[in-house]
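Data first, discussion second: the structure below is written as structure tokens.
The values are calculated or read from the model by the stated rules, or taken from the named source; none is laboratory data. It should be emphasised that the depicted structure is a prediction, and the values quoted were computed from it without experimental measurement. Methodologically, a virtual Cβ is constructed for each residue, glycine included, from the backbone with ideal geometry; neighbour enumeration extends over all protein chains shown.
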There are 2 protein chains.
Amino acid sequence: MRFTSEQRLDDDVLERQFTLGEIPGILWTPGSGSAPAPLILMGHPGGLHRLYPRLMARARHCVAEGFAAATLELPWSGDRPRSAAAEETRADLHRALEAGEPVDDELVDRLVLPLVEKSVPEWRAALDALLPLPGIGGAVGYAGGVISIGIRLAVVEPRISAALLFAGSFVPRTMFEEARQVTIPLQVLLQWDDEGNDRQAALDLFDAFGTREKTLHANMGGHTGVPHFEGDAGNQFFARHLR
Amino acid sequence: MRFTSEQRLDDDVLERQFTLGEIPGILWTPGSGSAPAPLILMGHPGGLHRLYPRLMARARHCVAEGFAAATLELPWSGDRPRSAAAEETRADLHRALEAGEPVDDELVDRLVLPLVEKSVPEWRAALDALLPLPGIGGAVGYAGGVISIGIRLAVVEPRISAALLFAGSFVPRTMFEEARQVTIPLQVLLQWDDEGNDRQAALDLFDAFGTREKTLHANMGGHTGVPHFEGDAGNQFFARHLR
């Protein structure tokens, strides 16, 4: 891992861009030396430049509560090399959505499964690189979408102790089986009127998770309408489980 | 309203028992004079003596965050006069539950609607008596079950600004229509595996509420298994809306 830039934000947050091999990422840590901060990996749908304002706001909110936060570009997104197969799948998705057609299981599988397969080892490699850094220590959480990436990470990565998952993306049927294997504490966010997300499927997925401590927070509004106070609720969830 | 006893609890909470006419009630306020405290009315299924430990614990948690809390005995419960009709309905309910029979709409109506009709004016009269007291001031919240009482109060009582409702009791079909008229902010608690509560009906009720700001918190476990951290979440909800 190589740091490529560093800046200190107003509220004494240290923001460092890095590359892990060829994968861009960002790390936010408390600016002043204090106790080692538990790390929250922040998931997203891909495209770090486009998502930067939202990710930075979430990261600052985490750091204000004494956490470190890090994110990684997804495969075939942002500045990373494209894949012909991923481009074709995205085009198929847009065609289906514009035509008002249902997004069938085969398309969901093509859209999500390769992303999970390729990204999860990358996030684990990021943990290998991030956890030995000074100022980072203790347990690790995963927060955000893509929910299937969060599910796979929760199953295969023992260093992740709790996950705050956003039920706002297509979920392959096979991920329901993986969800049953999740045993870490979960907080699941659901936007009740999410135009691109099947509410019943999200409730079924919440039901499927194998963990005993899981909480669903459902709020009104569409995909991008998660209320501000859920940031506080997420911090409190991680404070309970990462400290 | 007449205070019948007064004690100061360890954590500087002043607990006062009172009667409103012939109705017993309890008021908890910060023991030391400070700014007027917003009042939280604490709902429950009836039986103040039996529920006292739980109600007191909840009240202390509220007072620790700067609220006042009050509760009132329900009609035909605890030390209040019985009603032959209510006794008969309860017996019918126990018979149905023990026989494993479905609790039909007619029985739910008989069980809940008279309670709503009689108790809601009593809670409103309690507000008349409590709000002028020194140390109490600002907005009012309602917290707990019986959810149908909370719904009716939210619709008819303009002094209630926010409600934290526990979806853990039978709800007459007509209350779904009243739920559509609720416009105050709501936080709704649902126990995912509540043996006595139909999960889908609770989700339908959440969907029916007319308010734009409503959040569902679903947790694992049965009727009495609401996790401790929901007390904090409730305080934060009321802090957002009653201050």
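Answer yes or no: is there a residue in the stretch A:82-89 that is surrounded by 16 or more Cβ atoms within 10 Å (Cβ to Cβ) and touching a Ser or Thr at 6+ places or on another chain (Cβ under 7 Å). No, that holds for no residue.
The set of residues from the stretch A:183-204 being more than 23 Å from B:GLY210 (Cα to Cα) and within 16 Å of the chain's Cα centre (by Cα) comprises A:ILE184, A:PRO185, A:LEU186, A:GLN187, A:VAL188. So, in the stretch A:191-235, how many residues would count as being facing another protein chain (nearest Cβ under 8 Å), surrounded by 20 or more Cβ atoms within 10 Å (Cβ to Cβ), of a type in the set (A, V, I, L, M, F, W, C) and not in a helix (DSSP H, G or I)? Number of matching residues: 2. Of the strands (runs of 3 or more DSSP E) lying entirely inside the stretch A:1-69, those carrying at least 3 residues that are over 21 Å from A:PHE237 (Cα atoms) and either at pLDDT 95 or above or under 15 Å from the mean Cα position of the chain (by Cα) (or both) are A:2-9, A:13-20, A:23-30. Scanning the stretch A:109-145 for residues that are touching a His at 6+ places or on another chain (Cβ under 8 Å) and closer than 27 Å to A:THR89 by Cβ yields A:GLY144, A:GLY145. Being without any contact (Cβ under 8 Å) to a residue 12 or more places away in the chain and within 22 Å of the chain's Cα centre (by Cα) is true of A:GLU117. Just one residue in the set A:ARG159, A:ARG110 is of a type outside the set (A, V, I, L, M) and out of contact with any strand residue (DSSP E or B) (no Cβ under 8 Å at 6 or more places or on another chain); that residue is A:ARG110. The helices (runs of 4 or more DSSP H) located wholly in the stretch B:72-176 that include 3 or more residues which are at pLDDT below 95 and not polar (S, T, N, Q) occupy B:84-98.
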